[in-house]
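Below is one structure, written out as structure tokens, with a few remarks after it.
Laboratory data are not the source of any read-out in this text; all were calculated from the coordinates shown. Keep in mind that what you see is a predicted model, and the values were worked out from it rather than measured. All Cβ positions, even for glycine, are placed from backbone atoms using ideal geometry, and neighbour counts span all protein chains on display.
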Amino acid sequence: MSIVVETPAWALPRDQSVRARAAAVVPGGMYGHMTANAQNMPPSFPQFYDRGAGAYTWDVDGHRYVDFLCAFGPVLLGHRHERVEAAVAAQAERGDTLSGPSERMVDLAELLTETVAHADWAMFAKNGTDATSAAVRVARAATGKRKLLKASVAYHGANDWFTPRTAGVTAEDRLNIVEFAYNDVASLLEAVAEHTGDIAAIIVTPFRHDAFVEQELATAEFARAVREAATREGAALILDEVRTALRLDVRGAWEHLGVRPDLTAFSKALANGHPVSALVGVDALRSAAAEVYVTGSFWFSAVPMAAAIATIQEAVEIDAPAVIGRAGSRFKDGLEAAGRAAGFEVALTGPVQMPMLNFADDRDKKLAFAFTDAALRHGVLLHPWHNMFVSAAHDDAVVDEAIAGVVAAFREIARTA
């Protein structure tokens, strides 16, 4: 989608130059990444970035922003976190991609099984799609069944099963995908009943974080219903924590609901921005996990695993979900109060660690686009239709700086609303 916002464009001469260069050599200038592609964003939104430090990021034109995108989730502790980067440097001195895995693979698997409540084993890849795809294969190998149940619209990766764009995807690729409505127990049970006996897995996110809609926390009733349905069917319950890893609960995002999955896919924040993902699971699925063929040239790289070890250790020691939750609550309260003061009914929905911006009566997102456009010019990087992310580097001073920026942004759009 493309929305015209009648506000002054931020000066991005170098960004525009790099976009033009990219258009000549990269299909579409930025392949498939809807969340950051300039065609889907406000006019002041930079597409290319130069560096990051702590809670801040700089675009290629040198503008500094308080960063509430956090690389769309991977940055958990802050950009270039000292402990993580020290672990990266130490492992890089010894080697990264070797002729087999380093001992870091075993160290990381041990740490994950000690940390995640239901995990008895772990295997590694590079990104979230790898992990969710492997989870489905493990479930099908273990059960001998075909059907995969998922919530409608929910995104679980960029493979043919899940991609929101169907160019190049055949109907046969999605033949065994069955959808139900998130948080709707009746809808879930109807889908289960229709395909009983042939369900390999049910895959869900810890909360509904679809784009363009208010975020929706999972109810205890729904979570229990998913668990019970999977158990009755002899299917695997897959929790897709690619986006939520370490932000909501280091032990597992549904621990507070008393519901444990059979498989969990992790990525994004697992290594504070370094490329690694993980699939963890219960003992009952260990042999199936050993049978499936999943691999990649860089899946055993040691440096990202060292980064993940340092990230998880730090997240556990500081209780990252609590630290980030306090920062998120402070930002939520400040932004919503600033909106009310400027005459707008605005809310941050979803977990405070990864909220979504919503204006009342803003179905076309025009207000959200105008506001996030103005916020950029006042030094705050937000997103108009995708959930955002808070990091442990967003301390009180940083959050207060961001609130000052959004106050100015609200005032700016109030003059033109």
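Once amide H atoms are placed 1.01 Å from N in the peptide plane, what residues at a sequence separation of 5 or more from A122, or on another chain, have their amide H within under 5 Å of its amide H?
Amide H neighbours of A122: none.
Gap in Å between the Cα centre of the stretch 310-325 and the Cα centre of the stretch 199-272?
What the calculation gives is 20 Å, centre to centre.
Over the alpha carbons of the stretch 82-317, what is the largest minus smallest coordinate on each principal axis, giving the biggest first in Å?
Cα spread of the stretch 82-317 along its principal axes, largest to smallest: 55, 36, 35 Å.
Most exposed first by the Cβ proxy, i.e. fewest other Cβ within 10 Å, how do S301, S187 rank?
Ascending Cβ contact count within 10 Å gives the list S187, S301.
For A20 and E228, what does the FRET efficiency come to when R0 = 45 Å and r is the distance between their Cβ atoms, rounded to the nearest 0.05? Please list the in-between numbers first.
Values: r = 55 Å, r/R0 = 1.22.
After rounding, the FRET efficiency stands at 0.25.
Give the order of D210, D130, D283, D361 when sorted by the count of other beta carbons within 10 angstrom, beginning with the fewest. Display every interim value, and only then the final one.
On the way: D210 19, D130 25, D283 11, D361 7.
Placing the least packed residue first, the sequence is D361, D283, D210, D130.
With an 8 Å cut-off on Cα pairs and a minimum separation of 6 or more residues, tell me the relative contact order of the chain in percent. Please list the in-between numbers first.
On the way: 817 pairs, mean separation 94.4, N = 417.
Answer for the chain is 23 percent.
Say we join alpha carbon atoms closer than 10 Å with springs in a Gaussian network model of the chain; which of V88, V75, V390 then has the biggest fluctuation?
V88
May I ask which residue of F212, A171, V75 lies farthest towards the positive end of the charge dipole of the chain, with charges of +1 (Lys, Arg) and -1 (Asp, Glu) on Cβ and the Cα centre as origin?
Result: A171, furthest along the dipole toward the positive end.
When we measure straight from the Cα of K145, which lysines land under 28 angstrom away, once same-chain ones fewer than 8 places off are left out?
K126
What are the extents of the Cα atoms of the stretch 126-263 along their three principal axes, listed from largest to smallest and rounded to whole Å?
38, 30, 27
Please get the size of the charge dipole for the stretch 183-298, origin at its Cα centre, with Cβ charges of +1 on Lys and Arg and -1 on Asp and Glu, quoted in debye to the nearest 20. Intermediate results must be reported in sequence, preceding the final value.
On the way: 10 positive and 17 negative charges, 102 e Å.
Dipole size: approximately 500 debye.
Under 8 Å for C-alpha pairs, at least 6 residues apart: give me the relative contact order for the stretch 82-317, rounded to a whole percent. Display every interim value, and only then the final one.
On the way: 441 pairs, mean separation 78.5, N = 236.
So the answer I get is 33 percent.
Place a +1 charge on the Cβ of each Lys and Arg in the chain and a -1 charge on the Cβ of each Asp and Glu, then give the dipole magnitude about the Cα centre in debye, rounded to the nearest 20.
Details: 38 positive and 52 negative charges, 140 e Å.
Around 680 debye, computed over the chain.
Can you tell me the Rg and Dmax of the chain, counting just the alpha carbons, in angstroms?
When restricted to the Cα atoms of the chain, Rg and Dmax are 21.4, 63 Å.
When averaged across all projection directions, what area in nm² does the alpha-carbon convex hull of the stretch 71-171 cover?
Numbers: hull surface 39.2 nm².
That works out to 9.8 nm².
Viscosity 1.002 mPa s, temperature 20 °C: Stokes-Einstein D of the stretch 249-289 from its Kirkwood Cα radius, in µm² per second? If you can, show how the numbers build up before the last one.
Numbers: Rh = 11.6 Å.
Value of D from the Cα-based Kirkwood radius: 184 µm²/s.
Report, in debye and to the nearest 20, how large the dipole of the stretch 50-167 comes out about its Cα centre when Lys and Arg carry +1 and Asp and Glu carry -1 on their Cβ.
Values: 14 positive and 15 negative charges, 170 e Å.
Using only the charged Cβ atoms, the result is roughly 820 debye.
Over the stretch 232-337, what is the mean sequence separation of C-alpha contacts under 8 Å (at least six apart), divided by residue count, expressed as relative contact order in percent? Kindly include the intermediate steps, with their values, before the conclusion.
Numbers: 109 pairs, mean separation 27.6, N = 106.
Relative contact order here is 26 percent.
From the phi of every residue in the stretch 132-149, what ³J(HN,Hα) in whole Hz does the Karplus formula 6.51 cos²θ - 1.76 cosθ + 1.60 yield, where θ is phi - 60° and glycine or proline is x?
Per-residue couplings from phi come out as 5, 5, 5, 4, 5, 5, 4, 4, 5, 5, 6, 9, x, 10, 10, 6, 10, 9 Hz.
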